[in-house]
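Following: one structure in C-alpha cells, then a few remarks.
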Amino acid sequence: MAYTPYSYVQLKADGATTNFPFNFPYLDTAHIQVSVDTVVTAFTWVDSYTIKIASAPVAGSVVEIRRITPKDSAIVSFQDGSTLLEADLDLMVTYNLYCAQEAYDGTQASIHLTADGVWDGQGVRATDFADPVDEQDLMTLNYMNVNFKNTMLAIEQDSIDKTTAIRTAANSDLEAIHTTAVNDLNTITQAAEAATSASQTAAKTSETNAANSAAAASASETACAASQTAAKTSETNAATSEQQAAGYAASLKLPAATGEALQALRQNSTETGLEYFPSHLAHGLGAVVDFRSTTMAAATPADLYGTGTQVGFISGGPAGLAIPGLGDPTYGVLVNHAQWKDSSALTAICQEFSSGTERFFRYATAATTWSGWLTVYNSAHFAIADYLKAGETHDTTGMRFASGNPPAIANITSSGAANALTIGNGSNDYASAVMAFIREGQYACYLGIDTDNVFKVGGWSMGDVSYPIIHAGNLGAYTGQLAVGAVGTYAFMWANGNYAPGTLLAGSAIYYGSYNYQSSVTASGTWMVCGYLSSGYKATVMLRVA
C-alpha cells in the first residue's frame, strides 16, 4: 500500500503549469518551503492551499511543497496568572502533532527493514559509499570503472588491431586485382592496334597491285577486272579485322571494386565490357555520366578546369552532394559549367542540381572552395495566394505595422470610428473585441473589451477569469464593490505573537478586532501585517493578499 505523507507533497511538472496545490494544514505561511528538483525555489501564494512559481518548471522535474514547522522553540509560552485559553491549548497540541507528523514522514522516506528482513531502498539512487572490502560488500560504479578499465581497454585495442589487419589485407588484394586488370587491358589494346596496322598495310598493297593491273588493261581487260575484285576483297577483310579487334577489346570484363580505381564513363548503352573510363575526360558516343560512381561529390572548382559542360546523375543527399535538407536517396541531374582552363575565369565555374521540383545552385569562390548551395525557388514552392489569409497565423519578426492614412482625430478622447489601425473580431452580438498576447509554449492572455463594454484582461493561462483594468474613471466604483474581507481590502486584525510589517499570516490564525476589542471571528485567505504586533492582544491594520 502506497504511503501518503502528512507534511509534504511531490508533483510532476509538465513544463507549462505554474500553480501547484497541496492539502496539508500548517500554522504559518512561513512554515511552507517549495523546491524544484531539491533546489529551494521562490514562490507566491494564490490562496491558502495553492502556491505559484513565476516560471513554469521544466517538464519532468519534481516540485515538492513541504511543511517545516520550527522546532527550535515552543510556539506557546505560558505565564503565571494568565488566562488559559482554548486557542493556546489547541495551538500547542497542533504544533506537537505537526512536528510528530514531519518526523514520521522522515522515517518513512528513509531506507528501512521490511517485514521479511530485507533493506528497502524504495527505488531511489544511493550515493557516498566507500569501496568494498569483504566478498559480500556492495560495489560502487567508481570501483568497477577503476578496476575493470584496463581489461576493457585491452579488449578494445585487440579488436582495433584485428580490424586494421583485415582492412590492410583487403586493400592489398584489391590493388593486386586492379594491377592485373590494367596490364591485361594494355596487352589486349596493343594486340588490337597491331592487327589493325597489318590489315591496313595489306589493303594498301592490294590497292597498288590493282593500279598496276589497271595499267596493263590494254593487254588484258579480264586481268584488270580480276585485280579490281581482289583489291575490294582485301579492303573488306581489313575493315572486318578492325571490327574484330574492337570487339575483342570490348569483351574484356573488369572485376568489381570500390574507390576511384575503376571510375569511368560508359561508351554506349549496350556495352558489357569496357564500361568504365576515368572521370573528367571527353564523353564517349551517347555518354551519360553517373556521378555516383565518381569523386564529383568532393570535386573542387580546380578539378573542373577545362572540362566544359558535363551532365550526369548523382545523389543530392549525404551520400552525394550533401545539399542541406535533402536525404538519401535523392537522385537528380548535376550540370557542371567549367569551360575555361584555369582560375582566370573562376567566378564562371558553377554547378546546378535538379531533382523533381527542387533546384539548387552554387558557384566557385576559390580554386578549392564553393559557395553554399542556393535554392532556386519556383511556383512549386509557394504562391502569393497562400499567404495573408484570414483565419491563419502570420508571424513577423521585428515588424512595424503603420497606417498610411493617419487617423483624423485630434486626440484619444475623440469618439466614433477613425482611420486608425483596427483589430476587428466581426459583428456577432456575442463576440468580444479582444487581442491575444502569447509567449509560445509559456503563457498567454486576452486583452480587450468584453460584451459588457468594460476593458479587461484575463483568460487562457490566467484561468477562467477576467479582471477589469482599473483606472481613474472607474477606481471609485470598483473599490466600493469590494466586500469586507475580500482580496485587496484592509481590516483591523489581531493575533497572538510579535509580527513586523510585511509578515504574511494565515486567516485562520488572526481575528477581527480593534485596539481595545478582540473578537473570536477568524478570517479567510492570507493577510499581510501592515503595522506592528507586539506581545499581548493588540490589533493593527492588515491587507488581504490571497
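The values are calculated or read from the model by the stated rules, or taken from the named source; none is laboratory data. Being a predicted model, the structure only gives us computed values, none of them experimental. Positions of Cβ are backbone-derived with ideal geometry, glycine not excepted, and every protein chain shown enters the neighbour counts.
The one condition from (1) within 20 Å of Gly525 (Cβ to Cβ); (2) outside the structural domain of Thr94 (by TED's automatic domain parsing) that Ile53 does not meet is (2). Being loosely packed, with under 11 Cβ neighbours inside 10 Å and farther than 27 Å from Leu84 by Cβ is a condition met by no residue of region 513-524. When restricted to residues that are on the phi < 0 side of the Ramachandran plot, in a strand (DSSP E or B) and touching a Cys at 6+ places or on another chain (Cβ under 8 Å), region 444-467 contains 1.
Would you call Ile65 in a loop (DSSP other than H, G, I, E, B), buried (at least 16 other Cβ atoms within 10 Å of the Cβ) and touching a residue at least 40 places away in the same chain (Cβ under 8 Å)? No, not satisfied. When each of Ala226, Ala181, Ala194 is tested for being hydrophobic (A, V, I, L, M, F, W, C) and modelled with pLDDT under 75, the lone residue that passes is Ala226. Looking only at region 456-471, decide whether some residue is free of Cβ contacts under 8 Å to residues at least 40 places away in the same chain, over 23 Å from Met92 (Cα atoms) and basic (Lys, Arg). Yes, there is a match, as at least one residue in region 456-471 is free of Cβ contacts under 8 Å to residues at least 40 places away in the same chain, over 23 Å from Met92 (Cα atoms) and basic (Lys, Arg).
So that you can scan it fast, the table gives a plain yes or no per residue for (1) charged (D, E, K, R); (2) modelled with pLDDT under 85; (3) farther than 30 Å from Tyr26 by Cα; (4) surrounded by 10 or more Cβ atoms within 10 Å (Cβ to Cβ):
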position	(1), (2), (3), (4)
Thr107	no, no, no, no
Asp116	yes, no, yes, no
Gln122	no, yes, no, yes
Thr140	no, no, yes, yes
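Say whether the condition of being over 21 Å from Tyr95 (Cβ atoms), over 55 Å from the mean Cα position of the chain (by Cα) and surrounded by 15 or more Cβ atoms within 10 Å (Cβ to Cβ) is met by at least one residue in region 494-509.
No, region 494-509 has no match at all.
Scanning region 319-339 for residues that are in contact with a Phe, Trp or Tyr (Cβ under 7 Å, 6 or more places away or on another chain) and either assigned to a strand (DSSP E or B) or of a type in the set (A, V, I, L, M, F, W, C) (or both) turns up Leu321, Ile323, Tyr331, Gly332, Val333, Leu334, Ala338.
Listed here are the residues, each with its yes/no results for (1) assigned to a helix (DSSP H, G or I); (2) of a type outside the set (Gly, Ala, Ser); (3) under 30 Å from Ser35 (Cβ atoms).
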position	(1), (2), (3)
Thr69	no, yes, yes
Ile160	yes, yes, no
Ala165	yes, no, no
Ala169	yes, no, no
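Within region 1-26, the set of residues being within 18 Å of Ala100 (Cα to Cα), modelled with pLDDT of 95 or more and of a type outside the set (Val, Ile, Thr) comprises Pro5, Tyr6, Ser7, Tyr8, Asn23, Phe24, Pro25, Tyr26.
May I ask you to list pairs of residues, at least six apart or on different chains, whose Cβ atoms are under 8 Å apart, with the first in region 320-337 being of a type in the set (D, E, K, R) and the second being surrounded by fewer than 20 Cβ atoms within 10 Å (Cβ to Cβ)? From residues that are of a type in the set (D, E, K, R), the pairs are Asp328/Gly317; Asp328/Pro318; Asp328/Ala319. Looking at region 95-147, which of the residues that are part of a loop (DSSP other than H, G, I, E, B) and of a type in the set (Val, Ile, Thr) is nearest to the chain's Cα centre (by Cα)? Filtering region 95-147 for residues that are part of a loop (DSSP other than H, G, I, E, B) and of a type in the set (Val, Ile, Thr), the one nearest to the chain's Cα centre (by Cα) comes out as Val124.
Within region 452-468, the set of residues being surrounded by 11 or more Cβ atoms within 10 Å (Cβ to Cβ) and either touching a Phe, Trp or Tyr at 6+ places or on another chain (Cβ under 9 Å) or of a type in the set (S, T, N, Q) (or both) comprises Lys456, Val457, Gly458, Gly459, Trp460, Ser461, Met462, Ser466, Pro468.
Considering only residues that are among the hydrophobic types (A, V, I, L, M, F, W, C), over 24 Å from Gly441 (Cβ atoms) and touching a residue at least 12 places away in the same chain (Cβ under 8 Å), which ones fall in region 33-62?
Of everything in region 33-62, just one residue is among the hydrophobic types (A, V, I, L, M, F, W, C), over 24 Å from Gly441 (Cβ atoms) and touching a residue at least 12 places away in the same chain (Cβ under 8 Å), namely Trp45.
Looking at Leu91, is it over 47 Å from the mean Cα position of the chain (by Cα) and touching a residue at least 40 places away in the same chain (Cβ under 8 Å)? Taking the combined requirement at face value, the residue satisfies it.
Looking at Ala364, is it surrounded by 16 or more Cβ atoms within 10 Å (Cβ to Cβ), among the hydrophobic types (A, V, I, L, M, F, W, C) and assigned by TED's automatic domain parsing to the domain that holds Thr300?
yes
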